[in-house]
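Data block below; observations after.
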Amino acid sequence: MKILNLALSFLPALLLFSGCGPDPKSIQKATFHYGLGHSYLQQGDPTSALRELYEAEKLNPKDAPTQHALGMALSAKGKYTDALEHYRRALELDPKYTEVHNAMGAAYLEMGKWDEAIQEFQIVLKDILYLTPFYVHNNLGWAYYKKGDLSNAIENYERAVRMKPDFGLAQYNLGIAYRDRKQPDLALAALRQATALVPGLLDGHFQLGKLYFETGNKEEAEKSFQEVVRLAPKSETAQRAQQYLDLLKKSGR
C-alpha cells in the first residue's frame, strides 16, 4: 500500500517575455485557465482540469507548472505514458523542478516500473529543501518492496516514520514488510501503531488479526477481525475476517 503525495504548485510564475514569446494578455489568460485547472484537480475532476490546462498550454506553452499539472491530470485518468511526456517537458523548461520527479516516480509506480520509480524518488530526496521527504521514503519503500528487496523497503519505511511518527500508512507498510521478513513481533508492533494512528485502516486490522491468529493469540485475533466486520460489514475483507472468526469459534475461542 502506497501513498502518492502529489501536490501542485499553485499559480505558475509568469514567463519573461520577448518579442517572440507570449504577450501579456496571453499570459494572463493562461494563468486564469491554469488556476481553474488546478482547482478542478483539487476537486478530483481531471477531465475538466484537462480542458482548462490545454487552454493554458495553447496560450503559454513554455510554462513548466502547466506541463506538470497536465501530467497530474493525465495520471489521474490512468494515462501514465502521456503524463510522462508532459513531466519531461516540464523538466526541460525547469530542470530543478523537484516535484515533477516525485510525480514521475508515482507514475512509474502505477506502471509497475520499479527501477524507474526508485531513480526518480532518489532524485527527489537529494533536494534538501523538499518539504515532505517522508512521503517519498514511503513510496521508495513500496518500490523496493515490490522488487522483493525487503531490507531497503524496511529502511525507507523506518525513515518515513522517524521523520513523521504519526504516519500511519508507513507504519502499516513497515508492518507488512516485517511480516514478510518473518519478524512477527516487529510486525505486530508496527501494525498496532498503524491502527492506533488510523483507526479506520481496514487492511491494518485484518493483517493484525491474521498475525495474532498465526502466533496463537486468539483473543486479540478475534478483536481485530471483529473490528474489520464492524468497520465495513459488506466488504470482501469483512467476509474474509468472518471466515477467521468462524474458525476461532469452531476451535473453542
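The values are calculated or read from the model by the stated rules, or taken from the named source; none is laboratory data. On a predicted model such as this, the values are computed, not experimentally measured, just so you know. A quick note on method: Cβ atoms are made from the backbone with ideal geometry, for glycine too, and the neighbour counts reach across all protein chains shown.
Residues in the range 60-90 that are surrounded by 18 or more Cβ atoms within 10 Å (Cβ to Cβ) and farther than 21 Å from H33 by Cα: Y80, L84. For the range 144-192, the candidate set comprises residues that are among the polar types (S, T, N, Q) and either under 21 Å from Y108 (Cβ atoms) or surrounded by fewer than 21 Cβ atoms within 10 Å (Cβ to Cβ) (or both); within that set, the residue that is nearest to the chain's Cα centre (by Cα) is N173. Restricting attention to the range 123-145, the residues that are more than 11 Å from N156 (Cα to Cα) and assigned to a helix (DSSP H, G or I) total 3. Screening the candidates P165, P199 for the property of being under 23 Å from T237 (Cβ atoms) and not in a helix (DSSP H, G or I) yields one hit, P199.
Residues that are among the basic types (K, R) and farther than 26 Å from R181 by Cβ within the range 205-251 comprise R230, K234, K249, K250, listed in sequence order.
Each row is one residue, and each column tells you yes or no for (1) farther than 22 Å from P65 by Cα; (2) in contact with a His (Cβ under 9 Å, 6 or more places away or on another chain); (3) of a type in the set (K, R).
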residue: G112; (1), (2), (3): yes, no, no
residue: L125; (1), (2), (3): no, yes, no
residue: F134; (1), (2), (3): yes, no, no
residue: N156; (1), (2), (3): yes, yes, no
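The set of residues from the range 35-62 being touching a helix residue (DSSP H, G or I) at 6+ places or on another chain (Cβ under 7 Å) and among the charged types (D, E, K, R) comprises E52, E55, E57, K62. Annotation note: Cβ proximity below 7 Å between a residue of the range 233-253 that is part of a helix (DSSP H, G or I) and a residue that is among the β-branched types (V, I, T) and at pLDDT 95 or above (sequence gap 6+ or interchain) occurs for T237/V228; A238/V228; A238/V229; A241/V228; A241/V229; Q242/V229. Out of the range 92-117, which residues are within 28 Å of A153 (Cα to Cα), of a type in the set (A, V, I, L, M) and surrounded by fewer than 23 Cβ atoms within 10 Å (Cβ to Cβ)? If the condition is that a residue be within 28 Å of A153 (Cα to Cα), of a type in the set (A, V, I, L, M) and surrounded by fewer than 23 Cβ atoms within 10 Å (Cβ to Cβ), then M111 is the only one that fits. Would you confirm, using the coordinates I've provided, whether E116 is part of a helix (DSSP H, G or I) and within 21 Å of S39 (Cα to Cα)? It is false that E116 is part of a helix (DSSP H, G or I) and within 21 Å of S39 (Cα to Cα). For N173, the requirement of being among the polar types (S, T, N, Q), part of a helix (DSSP H, G or I), closer than 22 Å to E214 by Cα and modelled with pLDDT of 95 or more is met. If I ask for residues that are in contact (Cβ under 8 Å) with a residue 24 or more places away in the chain and surrounded by fewer than 19 Cβ atoms within 10 Å (Cβ to Cβ), which ones from the range 211-221 would you list? Passing the criteria: E214, T215, K218, E219.
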